[in-house]
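In what follows, a single structure is set out as structure tokens and then discussed.
The values are calculated or read from the model by the stated rules, or taken from the named source; none is laboratory data. Just so it is clear, the model here is predicted, and its values are computed rather than measured. Reconstructed Cβ throughout: ideal geometry from the backbone, glycine too, with neighbour counts over all protein chains shown. The area values use the complete protein model at the heavy-atom level, side chains included, leaving out ligands, DNA and RNA. Shrake-Rupley method; radii C 1.70, N 1.55, O 1.52, S 1.80 Å.
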Amino acid sequence: MTDTPEKKRDKNAADGEPTPLELLRAAREQLGELTGRTPETVSRFERTDSGWTVEAEVVEVARVPETMSLMALYEVTLDPGGRLT
């Protein structure tokens with residue numbers, strides 16, 4: 001029998017670990033503070049030995065039409081608690 005999302009969330013909270021959604025929100029917020037730009041999407045989210053790796057796509061230069069905008073791919077690492085390292 002598999003755990004429901006609620007049970008998994010409760011298990012993570014009991015372990016003191018942030019949930020995956022909380023980790024993604026923390027990465028987005030912290031990257032936004034560093035760059036001054038809000039990440040558009042997350043293209044990679046992976047657990048590592050030392051925490052997490054997140055790749056986020058950011059619009060660096062907005063142009064019209066949107067297909068001419070310049071995008072950047074940022075790779076950030078988080079510790080197990082969700083702090084940018």
The correct count of residues that are open to solvent by less than 80 Å² (accessible area, probe 1.4 Å) and over 16 Å from Pro20 (Cβ atoms) in region 49-58 is 2
Quick test of your reading of the structure: Gly32 fulfils all but one of (1) open to solvent by less than 40 Å² (accessible area, probe 1.4 Å); (2) touching a residue at least 12 places away in the same chain (Cβ under 8 Å). Name the failing condition by number.
(2)
With the structure loaded, tell me whether Val58 is modelled with pLDDT of 95 or more and in contact with a Pro (Cβ under 7 Å, 6 or more places away or on another chain) or whether it fails that test.
yes
Run Leu23 past the list (1) open to solvent by less than 60 Å² (accessible area, probe 1.4 Å); (2) among the hydrophobic types (A, V, I, L, M, F, W, C); (3) without any contact (Cβ under 8 Å) to a residue 40 or more places away in the chain and report the number of the one that doesn't hold.
(3)
Of the residues in region 69-85, how many are in a strand (DSSP E or B) and open to solvent by 40 Å² or more (accessible area, probe 1.4 Å)?
7
Scope region 33-45; condition assigned to a helix (DSSP H, G or I) and closer than 13 Å to Leu73 by Cα; matching residues
Thr35
Here are the criteria: (1) aliphatic (A, V, I, L, M); (2) surrounded by 12 or more Cβ atoms within 10 Å (Cβ to Cβ); (3) over 14 Å from the mean Cα position of the chain (by Cα). Tell me which single one Val61 does not satisfy.
(2)
Residue among Glu46, Glu66 that is open to solvent by 30 Å² or more (accessible area, probe 1.4 Å) and at pLDDT 95 or above:
Glu46
